[in-house]
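To start, the structure itself, in structure tokens.
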């Protein structure tokens, strides 16, 4: 009888003790990864999460410059041949050593993940052959001279061959195959709720400060700010512009702001003969897709007052853009400014294109991807209506629904963004504007299906230049050349803000990642 | 037929007398009438059409109450992020909220009444089938079911109405059935049957009029419920489209900037919703007192 009593007491203690497990750092994040498989999708959300758990051959600093990661050094033996030396003594989180076989396995799997909405294919498209020389040495040959090879294949997340061979994305989501070389180990992911991580003590690099980390996904802006103010989370990202000044005045809160490389743009789909949501003034489908006419695209760009959007919607947290690559990236054309609002010119271009009275258009956007996205879509609706189009609707949807549909081509005029994760504009231009070619991995984000062969050619030539200065100058020329066609309508580059408890800080950069390894106490 | 219940007095007369006897209910009724009139007349009395993208300007966005617009008029209740005049947006929002709520309430009443009457009159398997389904419906939380319907069918005013009808008809069915069961046992129904009248005629001409008092009460309360439920769904972002905000969507939009001190975008629509639902409920409560035969006034 007494034994029973003690057993009951022990059981009671065990159940009450369990939830008391301390978390050292709780992060409130605005948007969630769509998968834990680091090769499933290369959207910013997924890469950000993957960088916590998985290593890559190179690392990018806050200015997106390349540094050695799992590859310690690399040499270019001749224009088509590279030798890569891997870091010795690195182990995966299950204790097995990291070798050349894992790199080959990871690169090989990159373009074979089923149902990927945004594949990494172009990161490995340059490779003709990859072979193992010894445990820690690889030899790579390329189809064409590829000066940016390490920036490209360096973006592939390295997974463990032993742990993930034959595994699906679902096995990564459950944690079964989620074994990397990164600073944190996967503990649990409850989709829509939280991701739990634990510091990996065998990590080869600098140990992060916080051991047990919980990342909560709070898409509602106000709820995220409230969670920080109430102390439920220690740090939040994507602080809404309206809240910045009040949080800065709060002595218990520290705000960190950086300009980001993310460009927000309006896509005008040329993919189909009839653009979704685009009609004549009576609501009937048009005979041709008006967005296939560069004059119409330019006219729409001229209807938009970018400064007003930055000022009114973003509270100043943005820089009006006239091209894709942000200032600071190699290949940014400093003399290519944003289009200024010019309604008379827009009207004239529409008339020349055969739409003197405009046409019907629906603007679609996400509502939780970046600060103010739903407001931006409505403001664009206003501006296009003033510019002479008949705006029949503005829709704002959750990003996980929206991005899938946008990639599938369901929208005619849609707001999207592209984050920078490389030192030059070449990968941005190639993924966003190169003629769509799934097999070659080019134009992976070319959702509007813009195609301009002379631009493709010029971009390929620029990308083959080994001298960075020549390459950047050629990229500037290519940027100006394609801007004349208005392939997409660039709107602005974001400024991003994090807010956290006083006493914490985050090393944020152009990539705007919110990673626990970048958070530390202020000394 | 003339509705003669309760001591030979007409029902409408009794209702009017009962409402007048309570100052609280009279004021609430007046408020309801004013709000309904404002909703119907919104296009005439609102200074701006907030759904017309050409009439709103983000230049005038986020202005506090009382600010002057660029054309010299005043935004007495301020503007929202997009530069909509809050007063106009609230009038139009009221129109949307009321029309969705009333349409859903009336449709649920019609369907629920038909089901409840059939269950009571036919009995047996039909009754079991209907009433067990009603029990099932009442067992689910309203918002959860509405959420599922909207996720499956997508957004839009008619889909919101469909979802609300689907979750509300059961309340009417249950009330009508119990009221009808009492009536069916009475002599006048027996007499009608002996005369060989058809079932529909007995149901709709003899039983239904006598079940009206509870129906009117529940109908009033359920319209208030429908308005609240629509506001909740819109607040959660799955109700009506973003460019045509109902009161719930206005509150949701304003809530995003509430912590930043821009209180007027959510507080004013919130107050309006509160006043509307409160008034309808007060009127409904009074109706219940007036129409309850066991309570003597």
Against the longest alpha carbon principal axis of chain A, how many degrees, from 0 to 90 and to the nearest 10, is the axis of helix A:399-408 turned?
-> 50
Can you give the helix-only mean residue ellipticity at 222 nm for chain A, where every DSSP H stretch with n ≥ 4 adds -39500 (n - 2.57) and the sum goes over all residues, rounded to the nearest 500 deg cm²/dmol?
-> -8500 deg cm²/dmol
Subtracting the Cα-Cα distance of residue A:257 and residue A:135 from 0.36 nm times their residue separation yields 39.6 nm
By what distance, in whole Å, do the Cα atoms of the range A:53-165 stretch along each of the three principal axes, largest value first?
-> 38, 34, 32
Counting DSSP beta bridges in the protein assembly as shown, what percent are antiparallel, to the nearest 5?
-> 80
When the Cα atoms of the range B:35-191 are enclosed in a convex hull and the volume is divided per residue, what value in Å³ results?
-> 152
Checking B:18, B:112, B:124 against a Gaussian network model of chain B (alpha-carbon springs below 10 Å), the top fluctuating residue turns out to be B:124
Ascending count of other beta-carbon atoms within 10 Å, so fewest first, for B:227, A:187 | A:187, B:227
So in the range A:53-165, what percent of DSSP beta bridges are antiparallel if you round to the nearest 5?
-> 100
Could you give the angle, 0 to 90 degrees to the nearest 10, between helix B:264-291's Cα long axis and the longest principal axis of the Cα atoms of chain B?
-> 20
Sequence-separation-based contact order of the range A:53-165, relative, with Cα cut under 8 Å and 6+ spacing, percent | 33
Mean other chain Cβ within 10 Å across B:253-263 is 5
When A:224, A:292 are ranked with the fewest other C-beta atoms within 10 Å first, the list becomes A:292, A:224
Quick one: grab Rg to one decimal and Dmax as a whole number for the range A:394-493, Cα atoms only, in Å.
-> 14.5, 46
Can you tell which of B:184, B:161, B:216 shows the greatest fluctuation in a Gaussian network model of chain B with Cα springs below 10 Å?
-> B:184
Rank the residues A:40, A:210, B:133 as a footprinting-exposure proxy: fewest other Cβ atoms within 10 Å of their Cβ go first.
-> B:133, A:210, A:40
Return a whole-number percent for the relative contact order of the range A:259-495, with Cα pairs under 8 Å and 6 or more residues apart as the contact set.
-> 34
Let me know the Rg and Dmax you get for chain B when you use only its Cα atoms, in Å.
-> 22.4, 76
Calculated P(r) tail over 23 Å for the range A:133-257, as whole % of Cα pairs = 56
Principal axis box of the range A:259-495, alpha-carbon based, largest edge first, Å = 55, 39, 37
Hey, got the average number of other protein chain Cβ atoms within 10 angstrom for residues in A:308-316?
-> 3
Compare B:269, B:214, B:141 in a GNM of chain B, Cα atoms joined below 10 Å, and give the one with the largest fluctuation.
-> B:141
Chain A, relative contact order [Cα under 8 Å, separation at least 6], % | 20
Taking a quarter of the surface of the convex hull around the Cα atoms of the range A:236-307, what do you get in nm²?
-> 8.0
Measure of compaction for chain A (Cα Rg per 2.2 N^0.38 Å) = 1.03
Give me the Debye-computed log₁₀ of I(q)/I(0) at q = 0.16, 0.17, 0.27 Å⁻¹ for the range B:94-138, equal point scatterers on Cα only, no solvent, two decimals.
-> -0.52, -0.56, -0.89
Neighbouring partner chain Cβ atoms per residue of A:371-379, average, 10 Å criterion | 4
If one takes the longest principal axis of the Cα atoms in chain A, at what angle in degrees, from 0 to 90 and to the nearest 10, does the Cα axis of helix A:453-463 lie?
-> 40
To the nearest Å, what is the center-to-center distance of the range B:172-246 and the range A:310-333, using C-alpha atoms only?
-> 59
Taking A:282-289, A:44-51 and ranking on average Cβ neighbours within 10 Å, highest first, one gets A:44-51, A:282-289
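Throughout, read-outs are computed from the coordinates displayed, never taken from laboratory work. These numbers come from a predicted model, not from an experiment. With ideal geometry, Cβ positions are generated from the backbone for all residues, glycine too; neighbour counts draw on all protein chains shown.
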